[in-house]
Amino acid sequence: MDNTTKDRRFKWIIIFLVALLFSLTIFSFGAGRYFISVGEIFDSLFKKLSGAAIDDKTVEAVLFHVRLPRIAFAILVGAALSIAGACYQGLFKNPLVSSDVIGASSGAAFGAALAILLGLSTTGISLSAFFWSIVAVIIVYLVGNTLKINPILGLVLSGIMIGAVFSSGLSFLKLVADPMDQLPQITYWLMGSLSGTKTEDIIPVAIIMFIAIFMLWASRWHLNLLTFSDEEAKTMGLNVKMLRLMVILCATLLTAASIAVSGVIGWISLAIPHFARLIIGSDYRKLLPLSLLLGSNFLLIVDNISRLTFSSEIPLGIITSLIGAPFFLFLLHREGRRG
């Protein structure tokens, strides 16, 4: 397949995924226990944008205070986790790596459990999860740089070590938590959910994600060079250490912001980038936008399954694990056949 055909194929895939995301968004606005027709959705959106009053206050409340933040966060979190996973996989030169590899998820889980134990509000829980996720990755990076071994291996080993420390801290917090109130809250948070998200939280989270994604997108040419050895990349004029630090920083911000608003949602950062790579290859000029759209569509579908299947919501982490685990087995089987 020549480059022109590949570019045309990539363009049509992007158009299809954008159209699918738009369709899923409209469906998500309307579907639920309180059904809202497509006409009511567009009429309410037009009036909201034009500043006119919406006649049905129930429709307004459901659309803009319940479903809008949930849909927006599903799109943002799916995109962020997928891009973070794609960048981590390039950084570690391993398509079976996810954003958990350097302790971001373990740190966030510890931070959220600590905030719940201290009785903080929902905002406090999110901020604590975000803060401790960043702290965990900083510690991993500093420890990894002190090891006199290959820098990538150093990050992996320090990530395993620091992740284990935070996991032990989480276990201790669960042990001392109130089993009637705090422990169920911690357990539910760890399974991931977008219920209870607030409209006012969209802008700060979106700003963090957009900045991180823009920086990664601006470095897409350099990200391709990370697949080479450090010596080869240096001969091409690349500051490998600075690029590696930037990728870790941006991917960690994406992961931390996602976990802070949704809890721990596994498998997306592993499965989606690898699936995108199977479709389009490893060129980050195409891999990043494809991962973004695939992740957004996937988590929006999963969230709809979560809230529409049963009367009580299924945590997102359960659904993504049910889908991701068989896919991971497929990846292992595929890699084994290659070997």
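The values are calculated or read from the model by the stated rules, or taken from the named source; none is laboratory data. Computed from a predicted model, the values in this text were never measured in an experiment. Every residue, glycine as well, gets a Cβ built from its backbone with ideal geometry; the counts of neighbours run over all protein chains shown. What goes into the accessible areas is simple: the full protein's heavy atoms, side chains included, and nothing from ligands, DNA or RNA. Shrake-Rupley method; radii C 1.70, N 1.55, O 1.52, S 1.80 Å.
Miscellaneous remarks
- Solvent-accessible area per residue in segment 1-138 equals 46 Å², computed with a 1.4 angstrom probe and all protein chains kept.
- When the chain is treated as a Gaussian network with alpha carbon springs shorter than 10 Å, the biggest mean-square fluctuation among L287, L329, L117 belongs to L329.
- In nm, spacing of pseudo-spin labels at F42 and F22 (7 Å Cα→C-beta vector): 1.1 nm
- Segment 106-264 - charge dipole about Cα centre, Lys and Arg +1 at Cβ, Asp and Glu -1, debye rounded to 20: 300 debye
- In Å², nearest 10: area of V135 left accessible to a 1.4 Å probe: 30 Å²
- When R70, R285, R33, R220 are compared by accessible area at a 1.4 angstrom probe, the order from most to least is R33, R285, R220, R70.
- Listed cross-link partners K234/K286; K48/K286; K93/K286; K11/K234 are compared with a 26 Å cut-off, the Cα-Cα value being larger for K48/K286; K11/K234.
- Apportionment of accessible area to carbon and sulfur, segment 82-150, percent (1.4 Å): 70 percent
- Accessible surface of E40, taken over heavy atoms with a 1.4 Å probe and every protein chain present, rounds to 80 Å².
- Positive-pole candidate from L183, I162, F16, dipole of the chain, charges at beta carbon: F16
- Rounded to the nearest 20 debye, the dipole size of the chain about its Cα centre is 880 debye, using +1 on the Cβ of Lys and Arg and -1 on the Cβ of Asp and Glu.
- Eligible lysines near K148 by straight Cα distance, threshold 17 Å, same-chain separation 8 or greater: K241
- Label of the coordinate-derived value, mean projected area of the Cα convex hull in nm², listed as (1) 19.7; (2) 15.3; (3) 21.2: (1)
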